[in-house]
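Before any comments, here is the structure.
The values are calculated or read from the model by the stated rules, or taken from the named source; none is laboratory data. Just so you know, these numbers come straight off a predicted model, no measurement behind them. Please note: Cβ atoms are built from the backbone with ideal geometry, for glycine as well, and neighbour counts cover all protein chains shown.
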Ligand SMILES: *Cc1c(COP(=O)(O)O)cnc(C)c1O
């Protein structure tokens, strides 16, 4: 039997919710699949594969060096371990040894979030100890400075919609503090779209997630200073082994970064164009009013927003959309106000038609 949803008794899923880890994040392109296939069907000198794909990506991204890792989380843990061990092989073999005490990682308190896993868990996996700076609602450069001791190994900055946004220092400000005290600055930009600006802002290491904005296979990317990247590679002899990435995904992800840098993500105009017939169809459905809305955080993302009227509540409709195969997942944040949003970045025309058919049946 070939692969199918039925083989494992699974529901087909239409993902109109955005880049969600619980649904597998994103779909990869034919180009990326071809690179994964080449990886799956051939052997490589693995250490060369790691170094050379890193060098290729570094050139593309205009940085000293880069390392493909298994996830952004692995990138955090291995960056922390690298900056604590500073290239020591003894440390790679004994990552949690008492003989090394310089383990403090300063993190703005409002950045100590849970993105599905608490940031702190990944720091501790890398052998670091989180030292929070500032308060839940504010962190200034001075707040970071006052937490620096001779046990500080690095400053960590989380650039994400998950964090507190107001009254937080900028990446540039964090970089200025790091520079003043001769400390490395690590930026976790896992879900961010810009692969250049945090390095340009002065970060020493920047971490991205493979399947989020970049739409690659399961992977992560760390870019930055050559010495630090070499220290990260050394973790492959230690904690990195439990976070190993396969040759198929190293090649697939490298292709995904190349395509992403060349083509970017889908433009707002393209989304609006694809949304127009979908909105028209949705407006034909009884008790539904549909319109296009822009992303709340002002990103160039446009979505279909429907207001559910009549006897069924938005929450009931959301539940029924998920109940059958294909299970249709939407953005549920405004369900309390009777609103359901459809993010179409990973939804094609055929799937939009299935959504319309299913909603028509639900609203009958
Ligand atoms: C998603 C995310 C991560 C983890 O990425 P993975 O590649 O799934 O490990 C880390 N940090 C932030 C801010 C994230 O949004």
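Looking only at residues of the stretch 152-166 that are at pLDDT below 95 and in contact with a strand residue (DSSP E or B) (Cβ under 9 Å, 6 or more places away or on another chain), we find that the one that is nearest to the ligand (Cβ to nearest atom) is 160. Within the stretch 215-225, the set of residues being in contact with a helix residue (DSSP H, G or I) (Cβ under 7 Å, 6 or more places away or on another chain) and surrounded by fewer than 24 Cβ atoms within 10 Å (Cβ to Cβ) comprises 215, 218.
Annotation: of all residues in the stretch 63-94 being in a loop (DSSP other than H, G, I, E, B) and under 23 Å from residue 182 (Cα atoms), the one that is nearest to the ligand (Cβ to nearest atom) is 63.
When residues in the stretch 188-199 are screened for being buried (at least 22 other Cβ atoms within 10 Å of the Cβ) and near the ligand (Cβ under 7 Å from one of its atoms), 2 of them pass.
The set of residues in the stretch 340-352 that are under 17 Å from residue 290 (Cβ atoms) and either part of a helix (DSSP H, G or I) or touching a strand residue (DSSP E or B) at 6+ places or on another chain (Cβ under 6 Å) (or both) comprises 340, 341, 342, 343, 349, 351, 352. Looking across the stretch 234-244 at every residue that is under 30 Å from residue 27 (Cβ atoms) and away from the ligand (no atom under 16 Å from the Cβ), the one that is surrounded by the most Cβ atoms within 10 Å (Cβ to Cβ) is identified as 236.
Here residue 116 passes the criteria (1) within 13 Å of the ligand (Cβ to nearest atom); (2) buried (at least 17 other Cβ atoms within 10 Å of the Cβ); (3) on the phi > 0 side of the Ramachandran plot except the one numbered (2). Taking the criterion of being touching a strand residue (DSSP E or B) at 6+ places or on another chain (Cβ under 6 Å) and assigned to a loop (DSSP other than H, G, I, E, B), the residues of the stretch 305-336 that qualify are 326, 330.
Among the residues making up the stretch 167-176, those that are more than 16 Å from the ligand (Cβ to nearest atom) and touching a strand residue (DSSP E or B) at 6+ places or on another chain (Cβ under 7 Å) are 167, 169, 175. Being outside any loop (DSSP other than H, G, I, E, B) and crowded, with 16+ Cβ neighbours inside 10 Å is the filter here, so list the residues in the stretch 160-175 that pass it. Scanning the stretch 160-175 gives 168, 171, 173, 174, 175. Per the conditions (1) in a helix (DSSP H, G or I); (2) within 24 Å of the chain's Cα centre (by Cα); (3) in the same structural domain as residue 203 (by TED's automatic domain parsing), the sole criterion not satisfied by residue 37 is (3). Select from the stretch 200-214 the residues that are more than 8 Å from the ligand (Cβ to nearest atom), touching a residue at least 60 places away in the same chain (Cβ under 8 Å) and surrounded by fewer than 23 Cβ atoms within 10 Å (Cβ to Cβ) and list them in ascending order. Passing the criteria: only 213. If you go through the stretch 85-103 and keep only what is free of Cβ contacts under 8 Å to residues at least 60 places away in the same chain and buried (at least 19 other Cβ atoms within 10 Å of the Cβ), you end up with just 103. Within the stretch 337-348, the set of residues being at pLDDT 95 or above and surrounded by fewer than 19 Cβ atoms within 10 Å (Cβ to Cβ) comprises 337, 338, 339.
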